[in-house]
Amino acid sequence: MHSLSEYLIVFLSSSSSSLNLNIDLLSVKMVSQQQTKDSGSKKLGMVAPQDKSSKEMKSSKKMKFASSSAETEQTSQTTISDDSKTGRGMSTMPRVVKRKLQKLRPIVEYNKRGKGIGQAHSEMQSYIGVLARSRVPLVDKKWSQIPKDVKEQIWEAVDMAFVVGQGGKKSVLTSAAKKWKDFKSTLTRHYILPYTNDKEKLSHPPETYKFIEKAQWDAFVASRLSKDFESVHSQHAQIREKLEYNHRLSRKGYAGLEDQLEETMPGVEIDRSTLWKRARQDKHGNIPDPKVAEKAKLIDELQKQVSEGKVRVDGSKDVLTMALGPEHPGRLRGVGAGISPRQYFNLPKPQRVNFDDRLKESLRVLLQEETNKMEAKAKEEALRMEARTKQLVEAEREHFLSQLSQLIPNFDPGMLKQRISQSPKNPMSDKASCSGGEVKSLHYEDDNAKMGNISKKKRRKKKKEMKRRKKKRRKKMKKSMTTRRRYFSLNRRLCLKRRRRLLKLVIIQIWRRHLL
């Protein structure tokens, strides 16, 4: 037996640097002690009675192993009984160390939601807890501040002992972070806060965790007795008091409970309300907490109404939401950590918008806003210039009438109204723009005198040509804001010139009549 222990120690000393010798040597001693007990019982002809745990192991799923040797048939000898213990104590997982030596790696199984299930997963979680307690230094820091090489050592040790699967490193390190935090919380609650007045007991690490160095323990105790930690501890205690419905799950979690219920109730759909209720029952199926018992009764009534068709369940509005109230955004009760509502209810993912598309859309909106501003400014300027043109025309008319009243005695402005009349087919525009119809209505006789013997066809042709040139000129002027301003100013000048010309012709005609 002594030779076997020496062989194990030599093997561990020759392994990779990532192994922790203190924990593995402790596990080796437990393995050797168990083998000594087994050999002694065989010599005396004694057979150990089968306990309840062995019966459960037979009924449960067998672990699958990935081995490079031909020793896979000896898997029944890898489990070591802990009947000699009076309490649970500190877990060292010697069976994992023994399987390492035999080059046996249990395959961790996962359910449909990617959560670990089965005995291999439970043992892996216990082994992660051992590594988190022994390899991560006991410091008052966050997990993100722990050196990366320590995290890599934990991952390599777990990967050597179990077949985690692709993408399992993140889940392993997340579990290690939680177990390291829980370990510090356990030390604080059981070994520091109850003995704040007894400095002698706080001067040495607990006997259960002898692997803790004294320097680390003293620094950890000092940080836990500081005023900053007292305020943080009180805040977390207040948050903890708000939790009304505490579950009674062990390491298996909701995933292990669901796997267990699927074995005992085949063909039955297990929703999260059933998981929530079963997670708060004791070993005998009773619910000791009266608040939880009241909610469990309400869940049973709602499930009955759903089966009878009186209540309709739609997506996230299921039985558990009706019983406990709406969910916290992004969280889901009764399924365990790491599962979002979208994953559980298979909700469609929101469509991702490409960055280029968002940039184009924002540019389009900005351009549309600028265009609207420019159009509004152009309309405002057009109205302003139009009003200014009307004022100039009115001022010119008043000035012309005053000159006529000075030149012609007994001048009546009503005489101009008879000649300057609006044609019903071509009325004068309110925008103070002069058209061909206005010119014709004002000096029709003079146009006839000038036209002379020109035929109607030539006149029509000439008018069309003038209109075409006018349209062409207007199109060119409307291309930019500058051309628009020029267009309005030119149009105003043309109107003024035409009106002056008309007024001169009217004055000449009135003067002739007055002389006659």
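Every read-out reported here was derived from the displayed coordinates using simple, explicitly stated rules and does not represent laboratory data. Remember, it's a predicted structure, so these values are computed and weren't measured experimentally. Here the Cβ is made from the backbone with ideal geometry for all residues, glycine too, and neighbour counts use every protein chain on show.
Annotations
- Within segment 173-262, trypsin sites (Lys or Arg not before Pro) in DSSP loop having at most 12 other beta-carbon neighbours inside 10 Å: Lys199, Lys210, Lys242, Arg251
- Nearest-20 debye value, segment 185-243 charge dipole, Cβ charges on Lys, Arg, Asp, Glu: 140
- Alpha-carbon Rg/Rh ratio, for segment 155-311, with Rh computed the Kirkwood way: 1.08
- Spatial offset of segment 213-236 relative to segment 295-341 amounts to 40 Å, using the alpha carbon center of each.
- Arranged from fewest to most other beta-carbon atoms within 10 Å of their beta carbon, Val306, Val311, Val172 become Val311, Val306, Val172.
- Computed FRET value (nearest 0.05) for Met265 with Lys304, which takes r as the C-beta separation and R₀ as 22 Å: 0.80
- About the Cα centre, charge dipole magnitude for segment 253-345 (Lys/Arg +1, Asp/Glu -1 at Cβ), debye: 360
- Note on Arg500/Arg469: beta-carbon distance plugged into 1/(1 + (r/R0)^6) with R0 of 22 Å gives a FRET efficiency of 0.50.
- Residue separation of Thr371 and Ser250 scaled by 0.36 nm, minus their Cα-Cα distance, works out to 36.9 nm of gained length.
- Label-point separation in nm, Trp143 to His236, each point 7 Å along Cα→Cβ: 1.3
- Fewest-first ranking of Leu131, Leu257, using other Cβ atoms within 10 Å as the exposure measure: Leu257, Leu131
- Subtracting the Cα-Cα distance of Ala387 and Gln281 from 0.36 nm times their residue separation leaves 29.5 nm of extension gain.
- Label-point separation, Ser402 to Asn111 (7 Å along Cα→Cβ), nm: 9.9
- Förster-model FRET efficiency, 56 Å R0, Arg512 and Asp357, C-beta, rounded to 0.05: 0.15
- Under 5 Å between amide hydrogens, built in the peptide plane, is the criterion, and for Ile107 it picks out Lys64, Phe65, Ala66, Val163 among residues at least 5 positions away or on other chains.
- More than 20 angstrom apart: percent of Cα pairs within segment 253-345: 38
- C-alpha center-to-center spacing [segment 146-182, segment 366-413] in angstrom: 84
- Between the listed residues Ala323, Phe345, Gln260, the Cα displaced farthest toward the positive end of the dipole of segment 253-345, a dipole computed from Cβ unit charges relative to the Cα centre, is found at Ala323.
- Tensor-based shape of segment 164-255 (alpha-carbon gyration tensor, a/c under 1.5 rounded, otherwise prolate or oblate): oblate
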